[in-house]
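J.: For reference, the structure I am asking about is given below.
The values are calculated or read from the model by the stated rules, or taken from the named source; none is laboratory data. What you see is a predicted model, and the numbers here were worked out from it, not measured in a lab. In this analysis, Cβ positions are derived from the backbone assuming ideal geometry, glycine residues included, and neighbour counts consider all displayed protein chains. These accessible areas exclude ligands, DNA and RNA; they are computed on the full protein's heavy atoms, side chains included. Shrake-Rupley method; radii C 1.70, N 1.55, O 1.52, S 1.80 Å.
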Amino acid sequence: MLLTILLTLKTLLFMYVTKVKYNRFIIFSISMLIILFFFTWIYFSKNKKKQTLAFAFYNTVSAFMFADAMYYTYFNALPSIKMLKQLNQVAVVGDSVKSIFTFTNFLFLMDIPFLMFYSKWKKEKIKKENKQYNKSIRWGVPGSIALVLVILLSFLSSAELFGPVTNQELFTYHAKDIKKAIAGDEEIAQGVGMFTQEDLEELKDRTYLEEGKYTGIGRGKNLIVIQVEALQNFVINLHYDGQEITPNLNRLIQEQGTLYFDKYFQLIGRGNTADAEFVSNNSLYPSMDEPTYSQYEDNTFYGLPWVLRDNGYTAWVFHGYEKEFWNRERAYPNQGFQRFISEEDFDLVETIGFGISDEEFYKQSINYLKELDSIDDNPFYAFVISLTSHNPFNMPDKYKELKIRKEHEGTIFGDYLQSIHYADKALGKFFEALKEEGLYENSVIALYGDHFAINSAHKEPQKIMTEYLGYTYDLDDMMNIPLIIHIPGEDINETISKVGSQLDFMPTILNIMGYQNQKGIMFGRDLVNYQGESLVAPQTYALKGSVITDEILLEMSRDGIFENSRAYRLDNKEEVDVNKYRPYYEKAIEEINKSDFILKTNLLKELIKGDGEININKLMPTEVLVDKTIKKTDSTIDNIEKYFKDGYKTMIVDLKLDKDGNIIVGEELPFEQFVKWLTDNKGFYIVGRAEENNTEIFTKIAEKYRLTDRIIPEIHELSQYHPLASKKYKNIILNMGKTNYSDEQILEFTGRHSLFAVAMDKDRAKTSLPKQLKEKGTLTYALDIKNKRTRKNLEKNGVFGIYE
């Protein structure tokens, strides 16, 4: 009883920490049903170690809650099991972990040592009482709870609430995540079916930079790019009680030859700093499965280092920490860097935090830059990554040069000001050293922050920031980082307030350097010359679907329902109607999905191999030869062979389970025989129709027979999609003959997930839905239309073919 009560309280605390806002009662009910199921199953059993099992379950759940709460406190999202690969990095960033080890988070673990005594007492009590329960209680109570749970989950599925609820509820979230991880890295990418040849051509057009303002003013010069740890934009030109926080950066911004982008935003994935590097150098969106350098280390890329190398540059990268961290050593060669100057190449005479101090790092890097400058008299590209101003911003007393108010001492705000003031001072010395060595005047120097320092989702820091700044410190302020580009000798000085992100760095700097990306793809825009609408699509700290435009920030609701999201103006923080900005949300998802396709298919490898020409269909996970008519067979091999000889390449068969749970085709054909026949006969695809046991049948096919490349599952409910997509089915058809989803529901779903096709009745096929689905890359079939004239008219309306 005590463990149940305590887990109930912890569930409520967990919902508070992770900011559950919608469907709270349902989420709480699911958690409680699962907890009660396990406790009743354990305590009513005959197991002699029931208290040990119960306490182990309690500790496991508490540990999960604690880990999730810690992760959520920092990242504003729940963790994926895939991030376990990064556990070796926790010790390295120990101080950062300590900074989020709050008393509230500690509550999830605090009682466990005391409960050890209770558990020991309870164990003796159970042994002494030796209470036995009859079978109806042993199985009836947990069984009844399980039944209620199944009914509730079924209701959520039918009410289209399964996703929104399980995105937030502890047990079901992790169950989904583990299942997804087990399915492997080849699982379907959201939107993978929506990438077309037209998309590729549009991206190639976008990648070509038109000559315009400041084009080529840096041509032939060296390029030194400095990624500054945790540099936020609010510190630029900030005076704290008369003390200038970043005097050197402020001075650089005022100098002739400088462009300052003050509406520039972070765009990172699971890899934080490493993903800031990746996005900036490649103009691609980062992975949200794992750090991009880990997941795609073997991919072919054609980013900034490669472009500059093809124009005679030598590209080196500098970072004062271990070369294995974030998998940098293995990833950098394919990124185009020819040498990695890492911790082992520096003399660690002074360390701050978990690496060499910025002053020493820059000082010792000068000799390497001189070496780089001497190579074949060619210009160089140096990508320099700083370290000292890292969370939690604990600086040695001798470097605390600012006089901080008493109320800010020991706060993340006060500590950050000290840390970034030191980082600025180190940069100033670095600039002077570059001048002394004759490297400054012949180099374009670009500088930006990798990500935020102070989280707007944390109550106390947010309150301090709001009070100090005089306006509400929100997501846009948090993610706003400066971009400064200095071209010595140029008679220009401009602040550019075009909204952009790290995705835009590469095209912007290429315009200034005067070089084209002739082999690759860029999603970003040249912020100097681009006149269209801005679109920044973050995926961390704000969920996928969130958007920053020139006017507003739209933050996607954590439950995944667009209508529950919020939007506000950037200029005055005034809340606005989120529904007005749905097109931006859809565009953001579309852009991310396209980039995800490029990464998952290693498209750049084929694009470069084909000298810029490629047939997208050859990269599709399953190259389906689509028929205008998907033919219904009688599910016999003779009938399938007949239609195949008649030229049909996509046919429907019925799938069932016999009384022993084995799959049969039609009325009696064993699936094993069908598999053998499929193996012997190539060149066509089977649409599997399972009126009953849909998920079970297709799961068996995927796990036992591995036919996800030949079988196209037919589903009738959107809730059936996720279990099959996670089993690597690349193509799934939704048959709406027995369901009545609204246009909005279908379009919302296809905007976030890849449906191969949707089949609908004649009346529905006459509406605007087919054309809207076509725009999203989803085929539309009309159900069983015999009349040729009707078919022709439907084709004019965007219907692709007929589905029998």
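J.: Output the residues belonging to segment 347-390 that are of a type in the set (Asp, Glu), within 18 Å of Pro305 (Cα to Cα) and touching a residue at least 12 places away in the same chain (Cβ under 8 Å).
T.: The answer is Asp373, Asp376.
J.: Only residues in segment 574-589 that are within 10 Å of Leu554 (Cβ to Cβ) and open to solvent by 30 Å² or more (accessible area, probe 1.4 Å) count as the first member; pair them with residues that are outside any strand (DSSP E or B) and at pLDDT 95 or above, Cβ under 8 angstrom, at least 6 apart or cross-chain, and list the lot.
T.: The qualifying pairs are Tyr581/Thr549; Tyr584/Leu535; Tyr584/Thr549.
J.: Then there is this: Every residue in segment 478-494 that is open to solvent by 10 Å² or more (accessible area, probe 1.4 Å) and either within 21 Å of the chain's Cα centre (by Cα) or free of Cβ contacts under 8 Å to residues at least 12 places away in the same chain (or both), please.
T.: Asn480 - this is the single residue of segment 478-494 that is open to solvent by 10 Å² or more (accessible area, probe 1.4 Å) and either within 21 Å of the chain's Cα centre (by Cα) or free of Cβ contacts under 8 Å to residues at least 12 places away in the same chain (or both).
J.: For segment 455-543, give me every one of the helices (runs of 4 or more DSSP H) that falls completely inside it and has 3 or more residues that are touching an Asp or Glu at 6+ places or on another chain (Cβ under 6 Å).
T.: Answer list for segment 455-543: 505-513.
J.: Take segment 17-47 and flag every residue that is among the aromatic types (Phe, Trp, Tyr), closer than 30 Å to Lys459 by Cα and either outside any helix (DSSP H, G or I) or touching a residue at least 24 places away in the same chain (Cβ under 8 Å) (or both).
T.: Tyr22
J.: How many residues does segment 544-572 hold that are open to solvent by 20 Å² or more (accessible area, probe 1.4 Å), assigned to a strand (DSSP E or B) and either under 21 Å from His753 (Cβ atoms) or not acidic (Asp, Glu) (or both)?
T.: Number of matching residues: 2.
J.: Taking the residues in segment 49-69 that are more than 20 Å from Asp177 (Cβ to Cβ) and without any contact (Cβ under 8 Å) to a residue 40 or more places away in the chain as candidates, determine which candidate is most open to solvent (accessible area, probe 1.4 Å).
T.: Only one residue fits best here, namely Lys49.
J.: Within segment 174-183, how many residues turn out to be part of a helix (DSSP H, G or I), open to solvent by less than 40 Å² (accessible area, probe 1.4 Å) and small (Gly, Ala, Ser)?
T.: 1
J.: Touching a residue at least 60 places away in the same chain (Cβ under 8 Å) and either farther than 14 Å from Ile385 by Cα or surrounded by fewer than 20 Cβ atoms within 10 Å (Cβ to Cβ) (or both): does that describe Pro305?
T.: The answer is yes for Pro305.
J.: Of everything in segment 759-804, what is more than 36 Å from the chain's Cα centre (by Cα) and either open to solvent by 90 Å² or more (accessible area, probe 1.4 Å) or of a type in the set (Ser, Thr, Tyr) (or both)? Give them in sequence order.
T.: Asp763, Lys766, Lys786, Lys788, Arg789, Thr790, Lys792, Glu795, Lys796
J.: Another question, then. For the condition open to solvent by 10 Å² or more (accessible area, probe 1.4 Å), hydrophobic (A, V, I, L, M, F, W, C) and either over 25 Å from Gly242 (Cα atoms) or modelled with pLDDT of 95 or more (or both), what is the one hit in Ile375, Ile356?
T.: The unique qualifying residue is Ile375.
J.: If Asn579 passes every condition in (1) at pLDDT 90 or above; (2) in contact with a helix residue (DSSP H, G or I) (Cβ under 6 Å, 6 or more places away or on another chain); (3) under 30 Å from Val799 (Cβ atoms) but one, which one does it miss?
T.: (2)
J.: Mind listing just one residue for me: the one in segment 664-695 that is open to solvent by less than 10 Å² (accessible area, probe 1.4 Å) and in a strand (DSSP E or B) and, of those, farthest from Phe756 (Cα to Cα)?
T.: Per the stated criteria, the residue is Val665.
J.: Is there a residue in segment 531-540 that is surrounded by 22 or more Cβ atoms within 10 Å (Cβ to Cβ), out of contact with any strand residue (DSSP E or B) (no Cβ under 8 Å at 6 or more places or on another chain) and among the acidic types (Asp, Glu)?
T.: Within segment 531-540 (the criterion being surrounded by 22 or more Cβ atoms within 10 Å (Cβ to Cβ), out of contact with any strand residue (DSSP E or B) (no Cβ under 8 Å at 6 or more places or on another chain) and among the acidic types (Asp, Glu)), the answer is no, since none of the residues qualifies.
J.: Show the residue pairs that are 6+ apart or on different chains and have beta-carbon atoms under 6 Å apart, the first residue being within segment 208-231 and touching a residue at least 24 places away in the same chain (Cβ under 8 Å) and within 30 Å of Ser389 (Cα to Cα), the second being of a type in the set (Val, Ile, Thr) and assigned to a loop (DSSP other than H, G, I, E, B).
T.: As it stands, the answer is Gly218/Ile487, since those pairs meet every condition given.
J.: Another question, if that's okay. Out of segment 138-173, which residues are open to solvent by less than 60 Å² (accessible area, probe 1.4 Å) and of a type in the set (Val, Ile, Thr)?
T.: Val141, Ile145, Val165, Thr166, Thr172 - these are the residues of segment 138-173 that are open to solvent by less than 60 Å² (accessible area, probe 1.4 Å) and of a type in the set (Val, Ile, Thr).
J.: Right, another one. I'd like the residue in segment 717-742 that is open to solvent by less than 30 Å² (accessible area, probe 1.4 Å) and of a type in the set (Gly, Ala, Ser) and, out of all such residues, is modelled with the lowest pLDDT.
T.: So, considering only residues that are open to solvent by less than 30 Å² (accessible area, probe 1.4 Å) and of a type in the set (Gly, Ala, Ser), the one modelled with the lowest pLDDT is Ser726.
J.: Consider Val444 against the criteria (1) more than 23 Å from Met506 (Cβ to Cβ); (2) open to solvent by less than 10 Å² (accessible area, probe 1.4 Å); (3) out of contact with any Asp or Glu (no Cβ under 6 Å at 6 or more places or on another chain): it satisfies all of them except one. Which criterion is unmet?
T.: So the condition that Val444 fails would be (1).
J.: I would also like to ask the following. Based on what the data block shows, is Ser280 touching a residue at least 60 places away in the same chain (Cβ under 8 Å), open to solvent by 20 Å² or more (accessible area, probe 1.4 Å) and not in a loop (DSSP other than H, G, I, E, B)?
T.: no
J.: Gln745 fails exactly one of the following numbered conditions: (1) open to solvent by less than 20 Å² (accessible area, probe 1.4 Å); (2) in a helix (DSSP H, G or I); (3) under 26 Å from Ile697 (Cβ atoms). What is the number of that condition?
T.: Against the list (1) open to solvent by less than 20 Å² (accessible area, probe 1.4 Å); (2) in a helix (DSSP H, G or I); (3) under 26 Å from Ile697 (Cβ atoms), Gln745 comes up short only on (1).
J.: Considering only segment 403-418, I want to know if a residue exists there that is open to solvent by less than 10 Å² (accessible area, probe 1.4 Å), of a type outside the set (Phe, Trp, Tyr) and in contact (Cβ under 8 Å) with a residue 24 or more places away in the chain.
T.: Yes, some residue in segment 403-418 is open to solvent by less than 10 Å² (accessible area, probe 1.4 Å), of a type outside the set (Phe, Trp, Tyr) and in contact (Cβ under 8 Å) with a residue 24 or more places away in the chain.
Quick grid of which residues meet (1) modelled with pLDDT under 90; (2) in contact with a Pro (Cβ under 9 Å, 6 or more places away or on another chain):
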| residue | (1), (2) |
| --- | --- |
| Tyr22 | yes, yes |
| Ile26 | no, no |
| Ile30 | no, no |
| Phe37 | no, yes |
| Lys48 | yes, no |
| Met65 | no, no |
| Phe75 | yes, no |
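J.: If a residue counts only when it is among the hydroxyl-bearing types (Ser, Thr, Tyr), which helices (runs of 4 or more DSSP H) contained entirely in segment 299-404 have at least 3 such residues?
T.: Counting at least 3 such residues, we get 358-373.
J.: Still on this structure, I have one more. Taking segment 197-250 on its own, how many of its residues are open to solvent by 10 Å² or more (accessible area, probe 1.4 Å) and in contact with an Asp or Glu (Cβ under 7 Å, 6 or more places away or on another chain)?
T.: Qualifying residue count for the region: 6.
J.: Moving to a separate point now. Mind checking which residues of segment 631-648 are part of a loop (DSSP other than H, G, I, E, B), in contact (Cβ under 8 Å) with a residue 12 or more places away in the chain and more than 21 Å from Ile715 (Cβ to Cβ)?
T.: Asp634, Thr636, Tyr648
J.: Would you point out the residue of segment 456-477, among those that are among the aromatic types (Phe, Trp, Tyr) and in contact (Cβ under 8 Å) with a residue 40 or more places away in the chain, that is farthest from Glu575 (Cα to Cα)?
T.: Once the filter is applied, the top-ranked residue is Tyr468.
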